[in-house]
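Written below as structure tokens is the structure these notes are about.
The values are calculated or read from the model by the stated rules, or taken from the named source; none is laboratory data. Source: prediction; values computed, not measured. For neighbour counting, all protein chains shown are included, and Cβ atoms are generated from backbone atoms with ideal geometry for every residue, glycine included.
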């Protein structure tokens, strides 16, 4: 079994798997939508990740009618969203860690602002 990112598939195999013409794969590469690895002899080698990305491109173009410029924008936005989700997950973990370590007393709260923590103190109203 090969690793998800390991480039092992030749262009002819990928074209056969996806039932598309090899020229379509070359076009996607020219448009910088897919960047297959190259062997020492300059042969294109695709990973399973590349194949999954091409499947997404085909779904966008065939089923949704998106042109290649639109696909490029969608793929870039997808990367941005994934990066933001990773950052949010990391920040949530840091907040949870801070709360669990009792670094922040119960009458205070952590608020994330542009990846920098600020301390906000809540005081009880005196009756």
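Tabulated data
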read-out	value
Search result, residues across region 19-44 that are touching a helix residue (DSSP H, G or I) at 6+ places or on another chain (Cβ under 7 Å), surrounded by fewer than 16 Cβ atoms within 10 Å (Cβ to Cβ) and in a helix (DSSP H, G or I)	22
Those residues of region 5-18 which are under 26 Å from residue 77 (Cα atoms) and in a loop (DSSP other than H, G, I, E, B), in sequence order	5, 6, 7
Top-ranked residue in region 58-100 [being in contact (Cβ under 8 Å) with a residue 24 or more places away in the chain and within 13 Å of the chain's Cα centre (by Cα); ranked as surrounded by the most Cβ atoms within 10 Å (Cβ to Cβ)]	75
Matching option when the condition is surrounded by 10 or more Cβ atoms within 10 Å (Cβ to Cβ) and at pLDDT 95 or above, among 55, 108	55
